[in-house]
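Q: Before I ask anything, here is the structure I am working with.
The values are calculated or read from the model by the stated rules, or taken from the named source; none is laboratory data. As the structure is a computational prediction, the values presented were derived from the model and not from experiment. Counting neighbours? That spans all protein chains shown, and the Cβs are built from the backbone with ideal geometry, glycine included. The area values use the complete protein model at the heavy-atom level, side chains included, leaving out ligands, DNA and RNA. Shrake-Rupley method; radii C 1.70, N 1.55, O 1.52, S 1.80 Å.
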Amino acid sequence: MSVSTLGAPARADSAQQPPPERKPRRKLPDLRRWISPLAIVALWQIACETGLLPPDKLSSPWTVLQAGIELAGTGELGDAFVVSTTRVGIGFAIGAAIGVLLGIVAGLSRWGNYLVDPPVQMLRTLPFLGLIPLFILWFGIGEEPKIALVALGVAFPLYLNVYAGIRNVDSHLIEATTALGYTRSERLFHVVLPSALPNTLVGLRQSLGVAWLSLIVGEQVNASSGLGYLINNAREFLRTDVIVVGLVVYAALGLATDAIVRLVERRALRWRAA
Amino acid sequence: MASGLTVEVRGLTKKFGDRTVLHELDLDIAPGEFVALLGRSGSGKSTLLKVLAGLDTDVNGSATVDGKVSVAFQQPRLLPWRRVWRNVVLGLHPVVGRDVAIKALTEVRLADHADAWPRTLSGGEAQRVSLARALVREPNLLLLDEPFGALDALTRLAMHRLVEALWQQHEPAVLLVTHDVDEALLLADRVLVLDEGRIASEYVLGHPRPRELSDHIDVRAKVLADLGVTERASA
Ligand SMILES: Nc1ncnc2c1ncn2[C@@H]1O[C@H](COP(=O)(O)OP(=O)(O)OP(=O)(O)O)[C@@H](O)[C@H]1O
Ligand SMILES: [Mg+2]
C-alpha cells in the first residue's frame with residue numbers, strides 16, 4: 001500500500017485554515033462523510049472478533065490501537081519516526097535543490113537548455129526504484145542509499161515542473177516589462193520566477209508523494225532502524241498490528257506534508273483565487 | 001538630439017525572412033505631439049512600435065528616440081501576481097514607493113483599487129492601470145498599440161477623454177496605433193496612414209479640443225479611402 005498523496009482528499013484541512021479570525025463561521029466537516037469509514041472500521045473489528053480474520057493475517061483495529069500506544073510508550077515508534085522523517089528530510093532537501101537548480105538553469109539559459117535537458121529527460125525514463133541494487137553497491141546499506149533514492153525521486157518532478165514553468169512564461173509579459181524598463185534581474189524576480197511558481201508547486205506536491213514512496217521502498221530493502229525496520233521486524237514475529245501501525249504512520253506523514261504544501265499554495269497563489 | 005525631435009526615423013526597413021514589412025520608412029514626431037497611426041491589419045504598425053520601443057533592434061536604417069519611452073498595449077499585460085500598485089511602479093529606477101503609485105492611480109481614478117489583484121479588475125480598469133503604469137515613467141514618448149481596441153464603446157469614449165487629459169497634463173509625444181478612424185480624428189494632431197511599408201499619407205488636424213466627431217469630416221473620408229474602405233470594403 002502506498003501513501004497516495006497525489007490525489008489527496010480536499011476536505012481534510014477545512015478546519016485549519018490559516019486566518020481563522022477572518023472567517024467567523026468555520027465550516028464544520030460534513031459528518032455524513034464519516035459514516036462509511038467508521039462502518040468499515042466496525043466491520044473490520046467484528047471480522048476479527050468472530051475469527052473471520054485471524055490475527056496473523058490482520059489484527060483488529062482495537063489491537064492496532066493498543067500496539068500503537070504501546071510502541072509510542074516505549075519510544076520505539078518515536079525513534080523510528082525520527083529516523084524515517086530525517087531520511088526523507090535530507091533526501092528531499094538534496095533532491096529539491098538539485099531539481100530546482102537544474103530546472104532554473106535549463107529554463108533560463110540557452111546553453112543550460114542544450115546541456116542539461118537531454119540527459120535529464122533520458123534519465124527520467126529510468127524506473128528509479130530499479131536502481132536500488134546499484135545504489136547498494138555504490139553506497140552500501142547505511143543511510144546513504146535510502147537518502148539517495150529519495151533525492152533522486154524528488155529531483156525529477158521538480159525539475160520538470162520548474163523547467164516547464166519557466167519555459168511557458170508569457171512572452172507578452174516579457175515584452176511589456178522590457179519596454180517599460182525592467183532590468184534583467186527584475187524580469188527574473190517579478191516575471192519569470194513568479195510565473196513558474198504554480199508549476200513549481202505542482203512539482204513540489206508530486207515530489208513529496210514520490211519522496212515517501214521512495215522511502216518506503218528503500219526501507220523495505222534493508223534497514224536497521226526507522227519505520228521500515230519496525231514493519232519488517234514485525235513481520236518476522238507475525239505482528240500484523242505493528243505492521244498496520246507503521247502503515248498508518250506512513251500515511252499520516254504523507255497527508256501531513258501534502259497539507260503543508262496546500263497551505264503554502266494557498267498563500268503563494270492568492271492572486272489566482274480572486 | 002540635435003534636431004529637437006522626439007522621434008526621428010530615417011530609411012527604416014524591417015524584413016521578416018524575405019517579406020519586407022517596413023520599407024525605407026521616414027517619420028518625425030515633435031515633442032508633445034499627438035500622432036495617430038492607421039493602417040490595414042498586417043501593415044506593420046505594431047512592428048514599427050516595437051522598433052521605437054527598443055524591442056526589435058534587428059532592422060536597417062535608423063530610429064532614434066530622444067528621452068524615455070513607455071508603452072501600453074491592446075491587452076493590459078499586468079503581472080497577475082503583483083498587486084495593482086506594484087504593477088504601476090515596478091521597474092522604475094530609482095525604486096519609488098506606494099505613494100507614487102497611488103498618485104498615478106488617482107489620475108486614472110483607480111486609487112481605491114491599489115491593493116487589488118489584477119485578476120479582479122474589469123477590462124477598462126486594467127487598461128487604466130496599464131496607462132498609469134506607462135505614465136508614471138514620465139515618458140517623452142508614449143506608445144499606445146490599440147489600447148482601447150478590446151473595450152466596449154462607452155468605456156472607449158471615457159478613455160478618449162482620459163487619455164486626452166493625461167496627455168495635456170504630462171505632455172509626452174504620443175504615437176497611437178488604432179483601427180478606429182474617429183478615435184484618431186478626435187485625439188491626434190496628425191494622422192498617418194501606413195501602407196506598403198511606409199507612411200503613405202499624412203493629415204494635420206487643426207481643430208481645437210475637445211473635438212466633436214463632425215470636426216474633421218472631410219479628412220475622415222480621405223483617410224477611409226486611404227485605408228481602402230470605399231471601393232474595397234471586403235479587403
Ligand atoms: N515575429 C514575426 N515573424 C514573422 N512575421 C511577423 C512577425 N511579426 C510580425 N510579422 C508580420 O509582419 C506584418 C506586420 O505585422 P504587425 O503586427 O506590425 O501588423 P499590424 O499593422 O500591427 O497589424 P494589426 O493591425 O492587425 O495589429 C504581418 O504580416 C505579420 O505577419
Ligand atoms: Mg498590431
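Q: If each DSSP helix of 4+ residues adds -39,500 (n - 2.57) and the sum is divided by the residues in chain A, what number results at 222 nm, nearest 500 deg cm²/dmol?
A: Rounded to the nearest 500, the figure is -23500 deg cm²/dmol.
Q: Nearest 10 degrees is fine. How inclined is helix A:193-221 to the longest principal axis of chain A, computing both from alpha carbons?
A: The helix A:193-221 is inclined about 30 degrees to chain A.
Q: Let me ask you something else. Once amide H atoms are built 1.01 Å from N in the peptide plane, which residues 5 or more positions from B:Val71, or in another chain, come under 5 Å H to H?
A: Amide H neighbours of B:Val71, under 5 Å, 5+ apart: B:Leu143.
Q: Alpha carbons only, please: Rg and Dmax for the range B:1-127, in angstrom.
A: Cα radius of gyration and Dmax of the range B:1-127 are 17.7, 50 Å respectively.
Q: Same structure, new question: To the nearest Å, what is the center-to-center distance of the range B:77-126 and the range B:4-44, using C-alpha atoms only?
A: After rounding, the separation between the Cα centres reads 31 Å.
Q: Kindly rank A:168-177, A:145-154, A:110-119, B:5-14 from highest to lowest mean number of other beta carbons found within 10 Å of each residue.
A: Taking the mean over residues of other Cβ atoms within 10 Å, the ranking is A:145-154, B:5-14, A:168-177, A:110-119.
Q: While we're on this one: So what J values fall out for the range A:170-176 if you push phi through Karplus, 6.51 cos²θ - 1.76 cosθ + 1.60 with θ = phi - 60°, rounded to Hz, Gly and Pro as x?
A: Values per residue, Gly and Pro as x: 5, 5, 5, 5, 4, 4, 4 Hz.
Q: For B:Arg198, which sequence-distant residues (separation of 5 or more, or a different chain) have an amide H within less than 5 Å of its own amide H, given hydrogens modelled in the peptide plane?
A: Excluding prolines and chain starts, which carry no amide H, the hits are B:His23.
Q: Only helices at least 20 Å long along their own axis, judged from Cα atoms, and with Kyte-Doolittle mean hydropathy of -1.0 or greater: name those in chain B from DSSP H. Each step should come with its number before you reach the end.
A: Numbers: long enough: B:153-170 (25 Å, -0.04).
Both cut-offs are met by B:153-170.
Q: Evaluate peptide B:136-144: per residue, the Cβ atoms of other protein chains within 10 Å of its Cβ; return the mean as an integer. Walk me through the numbers before you get to the answer.
A: Details: counts 1, 2, 0, 2, 0, 0, 0, 1, 0.
What the average comes to for B:136-144 is 1.
Q: Next up: Between B:Asp115 and B:Ala221, 0.36 nm times their residue separation minus their Cα-Cα distance comes to what? All intermediate terms of the calculation are to be shown ahead of the outcome.
A: On the way: separation 106, 0.36 × 106 = 38.16 nm, distance 4.57 nm.
Answer, rounded to one decimal: 33.6 nm.
Q: Does anyone have the angle between helix A:110-124 and the longest principal axis of chain A? Alpha-carbon axes, 0 to 90°, nearest 10?
A: 20
Q: I've got another one for you. Once the other residues with Cβ under 11 Å from the Cβ of B:Arg109 are scored (Lys, Arg +1; Asp, Glu -1), what is the net sum? Don't skip to the answer; put the middle values down first.
A: Numbers: positive: B:Arg128; negative: B:Glu107, B:Asp112, B:Glu125.
Computed value for this residue: -2.
Q: Where does the Debye-calculated log10 I(q)/I(0) of the protein assembly as shown sit at q = 0.09, 0.13, 0.14 Å⁻¹, using only Cα point scatterers of equal weight, no solvent?
A: -0.80, -1.21, -1.33
Q: Return one number: the angle in degrees, 0 to 90 and rounded to the nearest 10, between the long axis of the Cα atoms of helix A:143-167 and the longest principal axis of the Cα atoms of chain A.
A: Value to nearest ten degrees: 40.
Q: Report the Rg/Rh value for the range A:54-268, based on alpha-carbon coordinates and the Kirkwood definition of Rh.
A: 1.10
Q: Right, next: Test of understanding: what is the full-extension gain from B:Arg209 to B:Asp152, defined as 0.36 nm times their sequence separation minus their Cα-Cα distance? Before the final figure, lay out each step's value.
A: On the way: separation 57, 0.36 × 57 = 20.52 nm, distance 2.31 nm.
Taking 0.36 nm per residue and subtracting the Cα distance, the gain is 18.2 nm.
Q: What's the total accessible area buried between chains A and B, using a 1.4 Å probe, rounded to the nearest 100 Å²?
A: The summed interface area works out to 2100 Å².
Q: Relative contact order for chain A: what is it in percent, counting Cα pairs under 8 Å that are at least 6 residues apart?
A: Rounded, it is 27 percent for chain A.
Q: Non-local amide H neighbours of B:Leu205 (under 5 Å, H modeled in plane, Pro and chain starts lacking H): which ones?
A: Residues meeting the amide H criterion: B:Arg190, B:Val191.
Q: I've got another one for you. With a Förster radius of 35 Å, plug the Cβ-Cβ distance of B:Val100 and A:Ser171 into 1/(1 + (r/R0)^6) and report the FRET value to the nearest 0.05. Please list the in-between numbers first.
A: Working: r = 28 Å, r/R0 = 0.81.
For R0 = 35 Å, the calculated efficiency reads 0.80.
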